[in-house]
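Before any comments, here is the structure.
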Amino acid sequence: MRTKVLYLIGAILLCVGCNDSSRTPADGEVYKVDLDEAVNPFDNIFSRAEIIPLETVDSSFISWMRKIYPIDENLYVYDYWLQNLNVFDHKGNFIRRVGKRGQGPGEYRNMYDCYIDAADEKTYLLDVNGYIKQYHTDGTFECDIFLPVRPHYYSMSLLDEKHLVTWSCVNAEDGGGILIIDKETGDSIQSCWYDEVMFNIQQMFPFYRYADKTFFSTALRQQTYELTPKGLQPAYSWDFGKYNISKSTLEHYLAIEDVNERNESILNDCGTDRLPFHLQIQRQNERYAYLALKRYAMSSRAPYTYVFYDKRQGKGYAFDELADGCRMNAPLYFGEDYMLTDVVYEEREQYQSVLPESEYKKLEDMKEDDNPCLLKLYFK
């Protein structure tokens, strides 16, 4: 039995990529960041901040925003809890909702993720049960894309003009977590990322797009990959020195034969020296590579350490707060000139120290039942 387990460990470590076992996690750029050297983000990264209140009406109510797509002066806001995609103008005035939740023609049941292809004017809504609703960006339903049978689908992204990509947290023996999908037929043309399910399930949104490329990462591995129709290629990795999650730590978990014991061991180690953080949201623009390190994986509003690597200067920055006592929430949009995150009613007072008086007044005017506001942070 022990020999079989060790064989499976070797197979998992060999096959996390897509048909390219010759590459190692050291391939690609290495972004070194000292997490102990905290910085003031307004001295090093941001130039100014603004507030955008989102209009609150019955049809625009928001519970928990997960993504924002700024397109043609409008903001497409994806609500993960309520499974809605609402459209606001750049000042926060509500315009419409894309699609409708229900059982009728063109309606969706469970929207677990979405992707908007502004260039092609397509909106894709992913249902956990294995299909994608395709709409025009004006909200008109176009077609269903039925996916291969899987236990669940958690996340998706565009890959290129012909392909979508999906993410499922599955055991290695059930197939690769990533499926590359033909947009016309819904057929899978490639499957990859065979890894321990408890490593996978801590990161439910592993894709992001930058410069017409799709990138992929997971919560316990510090390597980020570029995904192509042929598979994964190492793009860059993070190096946090003494805080790195070691290869021996991951091998230790994989060597635990009892699944329940293995899972419990991973969860118990969250927040300890062995697993000090989980790698969560990653993004980049021309200047910065960005990463949110989540300290306690099982909480949706857990404390984050925000990491920026300045690609021009070859220097890393890390911070927990925008200012003393002011915590920033995870980004909903990360662009070339600015990023967007949210401010909820209960946390609004802490932003007084980072906002001009006229902008903070918008938070003071919030009511308890209002939608969250957006915090717009401009890069230097």
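The numbers here are math on the coordinates, done by the rules we state, and not lab data. It should be emphasised that the depicted structure is a prediction, and the values quoted were computed from it without experimental measurement. Methodologically, a virtual Cβ is constructed for each residue, glycine included, from the backbone with ideal geometry; neighbour enumeration extends over all protein chains shown.
I want the local charge near residue 198. Using Cβ-Cβ distances under 12 Å, sum +1 for each Lys or Arg and -1 for each Asp or Glu among the other residues. Summing Lys and Arg as +1 and Asp and Glu as -1 gives -4. Computed over the chain, relative contact order equals 19 percent, with contacts defined as Cα pairs under 8 Å that lie 6+ residues apart.
Taking label points 7 Å from Cα along the Cα-to-Cβ direction, residue 173 and residue 286 give a separation of 5.1 nm. With R₀ set to 22 Å, the beta-carbon distance separating residue 182 from residue 97 gives a calculated FRET efficiency near 0.15.
Placing pseudo-labels 7 Å out from each Cα toward the beta carbon at residue 149 and residue 109 gives an inter-label distance of 1.5 nm.
Straightening the chain between residue 74 and residue 367 buys 103.1 nm, computed as 0.36 nm per residue apart minus the Cα-Cα spacing. Counting Lys and Arg as +1 and Asp and Glu as -1 over every other residue whose Cβ lies under 14 Å from the Cβ of residue 374, the net charge comes to -2.
Note on residue 274/residue 36: beta-carbon distance plugged into 1/(1 + (r/R0)^6) with R0 of 30 Å gives a FRET efficiency of 0.95. Would you mind telling me which residue in 111, 204, 366 has the biggest mean-square fluctuation in a Gaussian network model of the chain, where springs connect alpha carbons within a distance under 10 angstrom? The residue with the greatest mean-square fluctuation here is 366.
Shown for the range 227-349: lysine pairs separated by 8 or more places, or found on different chains, whose C-alpha atoms are under 27 Å apart, numbering 9.
Given R₀ = 41 Å, what would the calculated FRET efficiency be for residue 47 paired with residue 248, taking r from the Cβ atoms and rounding to 0.05? For R0 = 41 Å, the calculated efficiency reads 0.45.
What does the charge count near residue 318 come to, summing +1 for each Lys or Arg and -1 for each Asp or Glu among other residues with Cβ under 15 Å from its Cβ? Computed value for this residue: -2.
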